[in-house]
1. With respect to residue 9, is the statement that it is more than 13 Å from the ligand (Cβ to nearest atom), surrounded by 14 or more Cβ atoms within 10 Å (Cβ to Cβ) and closer than 19 Å to residue 110 by Cα true?
2. Just to be sure before I move on: is residue 18 away from the ligand (no atom under 11 Å from the Cβ), under 23 Å from residue 94 (Cα atoms) and either surrounded by fewer than 13 Cβ atoms within 10 Å (Cβ to Cβ) or under 17 Å from the mean Cα position of the chain (by Cα) (or both) in the structure I sent?
3. Among what's in region 26-51 and is within 14 Å of the ligand (Cβ to nearest atom) and assigned to a strand (DSSP E or B), pick the residue that is farthest from residue 80 (Cα to Cα).
4. In region 66-111, what count of residues is obtained for those that are closer than 26 Å to residue 230 by Cβ, surrounded by 19 or more Cβ atoms within 10 Å (Cβ to Cβ) and more than 9 Å from the ligand (Cβ to nearest atom)?
5. Mind counting the residues in region 159-216 that are outside any helix (DSSP H, G or I) and free of Cβ contacts under 8 Å to residues at least 60 places away in the same chain?
6. Hey, among the residues in region 58-113 that are within 19 Å of residue 150 (Cβ to Cβ) and in a strand (DSSP E or B), which one's nearest to the chain's Cα centre (by Cα)?
7. For region 114-129, which positions are surrounded by fewer than 18 Cβ atoms within 10 Å (Cβ to Cβ) and either within 16 Å of the ligand (Cβ to nearest atom) or part of a loop (DSSP other than H, G, I, E, B) (or both)?
8. Identify all residues within region 31-85 that are within 18 Å of residue 7 (Cα to Cα) and free of Cβ contacts under 8 Å to residues at least 40 places away in the same chain; write none if there are none.
Ligand SMILES: C[S@@+](CC[C@H](N)C(=O)[O-])C[C@H]1O[C@@H](n2cnc3c(N)ncnc32)[C@H](O)[C@@H]1O
C-alpha cells in the first residue's frame with residue numbers, strides 16, 4: 001500500500017513540489033496524504049483532459065495543474081524540494097531528456113520520488129494486468145502514441161542509476177484492490193469490451209490477426225485468474 005511511501009515522507013515539511021506527468025493528480029493525492037506540511041504542489045502533464053479532471057477533483061489553493069511537457073519544463077533551475085514521477089517513465093519518448101530536466105529544476109539537496117509499476121515477479125492475476133497493459137501499449141505504438149511496455153524491476157533501478165540518480169531507498173508497493181466477485185466480474189467484462197474497441201483501431205493494420213489472437217489469449221487468462229494491479233517500485237533518490 002502507498003502508506004509505506006506516506007510514512008517515508010511523514011516528517012517532511014516541504015515548500016515546492018513538482019509532480020511530472022501528473023495525469024489527474026492521483027500521485028499528488030498520495031504525497032499530500034504523507035507530507036507533514038507543504039506549501040505548493042504543481043502537477044504538469046500534456047493531456048489537457050487529464051489536467052482538467054485534476055483541477056475539478058482537487059480544489060485546493062496549494063495545488064496547481066499546468067500544461068507542460070516533461071522534457072521541456074518551464075521552470076528556473078533549482079527551485080523544487082521534491083520532484084516526483086509516477087507510472088510514466090514508460091510513457092516518455094526519451095526519458096533521459098526528462099531526467100535532465102528533473103535534475104535541473106530540483107534543488108541540489110532535493111529529493112526525487114519515482115513510482116513505476118514493473119512486469120516481472122507478478123502473480124497470475126497481476127499478469128492479466130501486465131499482458132493487458134502491454135497489449136494496449138503496442139496498439140498505442142502502432143497508432144503513433146508513445147507507450148512502451150513496462151520495465152522489469154531491475155531495469156527501473158538500472159535506468160535511474162544510469163541517469164545519475166543516487167538511490168537512497170526503494171521498496172515494492174502492491175496496491176491491494178478489495179473487490180468482491182461481482183465487482184471483479186464487471187471489471188473483467190468492461191476490459192473485454194476494451195479489447196474490441198482497441199482492435200477496431202488497428203483493423204487495417206498488417207498485425208491485426210496477431211492482436212485478435214492475443215486478445216483471445218488474454219481473455220482466457222482473465223477468466224482463469226481474474227485481475228489485480230501490477231506491483232510498483234517506489235524509489236527515493238538524490239541527485
Ligand atoms: C499512466 S499516466 C500516469 C498518471 C499519474 N502520474 C499517476 O500515477 O496516476 C501517464 C501520464 O503521462 C503523461 N505524459 C506522457 N508524456 C508526457 C510528457 N512528455 N510530458 C508530460 N506528461 C506526459 C500522459 O499524458 C499521462 O497523463
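Bear in mind these aren't lab numbers, they're just calculated from the coordinates by the rules spelled out. Keep in mind the model is a prediction, meaning the values are calculated, not measured. In this analysis, Cβ positions are derived from the backbone assuming ideal geometry, glycine residues included, and neighbour counts consider all displayed protein chains.
1. Numbers: more than 13 Å from the ligand (Cβ to nearest atom): yes; surrounded by 14 or more Cβ atoms within 10 Å (Cβ to Cβ): yes; closer than 19 Å to residue 110 by Cα: yes.
Yes; evaluated as a whole, the condition is true for this residue.
2. yes
3. It comes out as 45.
4. Of the residues in region 66-111, 7 are closer than 26 Å to residue 230 by Cβ, surrounded by 19 or more Cβ atoms within 10 Å (Cβ to Cβ) and more than 9 Å from the ligand (Cβ to nearest atom).
5. Residues flagged as outside any helix (DSSP H, G or I) and free of Cβ contacts under 8 Å to residues at least 60 places away in the same chain within region 159-216 amount to 7.
6. Pass one, region 58-113, residues within 19 Å of residue 150 (Cβ to Cβ): 70, 84-96, 98-99, 113.
Of the ones still in play, those that are also in a strand (DSSP E or B) are 84-86, 113.
Details: 84: 10, 85: 7, 86: 4, 113: 12 Å.
Going through the qualifying residues, I end up with 86.
7. Result: 120, 121, 123.
8. Hits for region 31-85 are 32, 33, 34, 35, 36, 37, 38.
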